[in-house]
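Reading through the structure tokens given below for one structure.
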Ligand code: 13P
Ligand code: SF4
């Protein structure tokens, strides 16, 4: 038995003792995806968190995801193996900046991407994820102005799909920003039969070249159902493990090997074991912020 197998065995044993569940995002390292109870996108992970009867949720992703789980499961212990795993996009808007924007557009509804801090969700009307942002915006009457934060690229994609004039914020994901149109051109030349699937956090020029624009779990689902045998994947490269594992007969090519999120890669098996041993690092959201943030998440869940 090698070191990883031994660690995985110890984690699974302790997980039972602690009555814990392991949730992992599609971008986590392969060893973590392989021992998780559920691997998914932001929407799937929050839905899974909200329905679990486990006492402890070991959340392997980034901080805003664990925070969302804490908001949805007030009585449970939510742990992150590495508390420094943040999302730079979520830090691109502050509460003060959002309040100023709201003052500028007092009649506007605020739609907030789930990649945001709890206090920002608390100040919003609706939450959304990459898989339902279009539907959430479509559900808001056309007469209403909409402030869409913090991702300007997801926002401009949603604007193009809904033909709505959204008030955007200057946030973006540095990891998806590294995927360039020339990367897609290069890979298309090498693999002309491959379908190009990209995440809506990509820049508009990349989105315009894609066959499909999908959330991470949307990409996994589409690959399973598609008759194509080859795919160029325009999102964080951690997802390739899940794709290859579930579709061993198909071929996958990352649009860019540079799309590697350093925050998602902070977790490893050693940290998972320590986390379960010492019950660290607890993610807690102050009650009143959680109550108001939950309202915007619930409004999203009602729509989808
Ligand atoms: P998904 O909800 O599509 O998994 O996206 C989360 C994320 O952080 C993408 O960078
Ligand atoms: Fe945040 Fe981008 Fe990393 Fe997703 S890939 S967690 S949006 S930095």
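Every read-out reported here was derived from the displayed coordinates using simple, explicitly stated rules and does not represent laboratory data. Predicted model, so just to flag it, every value in this text is computed and none were measured. Every residue, glycine among them, receives a Cβ derived from its backbone with ideal geometry; neighbour counts consider all protein chains shown.
There is at least one residue in the range 259-275 that is under 22 Å from residue 7 (Cβ atoms), assigned to a helix (DSSP H, G or I), within 16 Å of ligand 2 (Cβ to nearest atom) and touching a strand residue (DSSP E or B) at 6+ places or on another chain (Cβ under 7 Å).
Residue 245 meets each of the listed conditions (1) in contact with a strand residue (DSSP E or B) (Cβ under 7 Å, 6 or more places away or on another chain); (2) assigned to a helix (DSSP H, G or I); (3) over 27 Å from residue 73 (Cβ atoms) apart from (1). Any residue at all in the range 153-162 that is assigned to a loop (DSSP other than H, G, I, E, B), surrounded by 15 or more Cβ atoms within 10 Å (Cβ to Cβ) and touching a helix residue (DSSP H, G or I) at 6+ places or on another chain (Cβ under 7 Å)? No, the conditions are met nowhere in the range 153-162.
Of all residues in the range 21-42, those satisfying the criterion of being buried (at least 23 other Cβ atoms within 10 Å of the Cβ) and touching a residue at least 40 places away in the same chain (Cβ under 8 Å) are 22, 23, 25, 26, 27, 28, 32, 39, 41, 42.
Per this entry, residue 130 is not counted among residues that are in a loop (DSSP other than H, G, I, E, B) and away from ligand 1 (no atom under 16 Å from the Cβ). Considering the range 73-86, and only residues there that are buried (at least 23 other Cβ atoms within 10 Å of the Cβ) and either closer than 27 Å to residue 168 by Cβ or within 16 Å of ligand 2 (Cβ to nearest atom) (or both), the residue that is nearest to the chain's Cα centre (by Cα) turns out to be 85. Among what's in the range 13-33 and is touching a strand residue (DSSP E or B) at 6+ places or on another chain (Cβ under 9 Å) and more than 16 Å from ligand 2 (Cβ to nearest atom), pick the residue that is nearest to residue 246 (Cα to Cα). Top of the filtered list is 22. Can you pull out the helices (runs of 4 or more DSSP H) entirely within the range 22-107 that have at least 3 residues that are within 16 Å of ligand 1 (Cβ to nearest atom) and within 30 Å of residue 146 (Cβ to Cβ)? Answer list for the range 22-107: 42-51, 63-72.
Here the condition is being touching a strand residue (DSSP E or B) at 6+ places or on another chain (Cβ under 8 Å) and surrounded by 15 or more Cβ atoms within 10 Å (Cβ to Cβ); of 215, 226, it holds for 226 alone. The set of residues from the range 175-208 being more than 18 Å from residue 230 (Cα to Cα) and either free of Cβ contacts under 8 Å to residues at least 12 places away in the same chain or outside any helix (DSSP H, G or I) (or both) comprises 178, 179, 180, 182, 200, 201, 202, 203, 208.
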